[in-house]
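**Q** Sharing a structure with you now.
Bear in mind these aren't lab numbers, they're just calculated from the coordinates by the rules spelled out. If you're wondering where the values come from, they're calculated on a predicted model, not measured in any experiment. Glycine also receives a Cβ, built like all others from the backbone with ideal geometry; neighbour counts cover every protein chain displayed.
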């Protein structure tokens, strides 16, 4: 099995996008021709090396101070920062993103209820995206649709999920999005989410065509303010999903 990786930080963002568009095209074809094929790994990055950490790029406003670990991408949200988002150098529409995130126990007490780990698909420059949000507090999750104006629709939610781990512990998350489900309108998108090996949700969004973005990102965020929160991510994997 061959993996598509970015060999060094000298590779331009433009080339990364071009690679991603090819990936997206391959992904669209795979659904038509191989219903029973295994998901195809496209990009892997453990984030355990300086070169690997250099491949992910901060996106959006806010201050996110990186550093403090040689075996993960570790960062702290600065003043007036709601979210620390980092883009993966692969793009695509029908795609699956997996990552392991951790929010440290030092998170300010007043933020514990609202702070979450996020995986984001179809992320556009206008801020719109699909998102899997995992909250250590209450062992909660939400599958969300975020619009350009910041308005958010919760497509599915749950709490007291035994598999979701607490502050200071690692949560392995996967979010998958794809179109082309034969029983749904062509504009529909199906979202599938996992946390620590448990499928927590399958959602069909009949207005999936509204999101035009192709970027993938991961984040630590709060709807209010993430200032002072420290966390880390490791083990990024991007795949063309097998939706069947």
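**Q** Neighbour counts of other C-beta atoms within 10 Å: give me 43, 178, 194 arranged from fewest to most.
**A** By the 10 Å Cβ count, ascending: 194, 43, 178.
**Q** In nm, give the distance between the simple-model label positions of residue 187 and residue 124, each being 7 Å from the Cα along the Cα-to-Cβ direction.
**A** Taking the two extended label points, one gets 1.3 nm.
**Q** Going by how many other Cβ atoms sit within 10 Å of their own, how do 64, 84 line up, fewest first?
**A** 64, 84
**Q** Using the beta-carbon distance between residue 159 and residue 106 and R0 = 25 Å, what value does 1/(1 + (r/R0)^6) give for FRET efficiency, to the nearest 0.05?
**A** Once the sixth-power term is evaluated, E becomes 0.60.
**Q** Let me know the shape class of segment 40-160, please: from the alpha-carbon gyration tensor, a ≥ b ≥ c as square roots of the eigenvalues, rounded when a/c is under 1.5, otherwise prolate if a/b is greater than b/c, or oblate. Present the calculation step by step, with values, prior to reporting the outcome.
**A** Values: a/c = 1.42, a/b = 1.07, b/c = 1.32.
Rounded is the answer for segment 40-160, as its axis ratio a/c remains below 1.5.
**Q** Next question, about the same structure. Size of segment 13-240 along its principal axes in angstrom, Cα-based, largest extent first?
**A** 49, 37, 33
**Q** How large is the convex hull of the Cα atoms of segment 78-123 per residue, expressed in Å³ as a whole number?
**A** Convex hull of Cα atoms, per residue: 109 Å³.
**Q** Also, quick follow-up: Could you state the number of Å between the C-alpha centres of segment 145-184 and segment 60-90?
**A** Cα centroid of segment 60-90 versus Cα centroid of segment 145-184: 20 Å apart.
**Q** Right, another one. Could you tell me the calculated FRET efficiency between residue 152 and residue 58, based on Cβ-Cβ distance and R0 = 22 angstrom, to the nearest 0.05? Don't skip to the end; give the middle numbers.
**A** Working: r = 22 Å, r/R0 = 0.98.
So, using R0 = 22 Å, E works out to roughly 0.55.
**Q** Quick one: go through segment 214-244 and flag any residue whose amide nitrogen is under 12 Å from the point 7 Å out along the Cα-to-Cβ line of residue 46.
**A** Zone members listed by number: 235-236.
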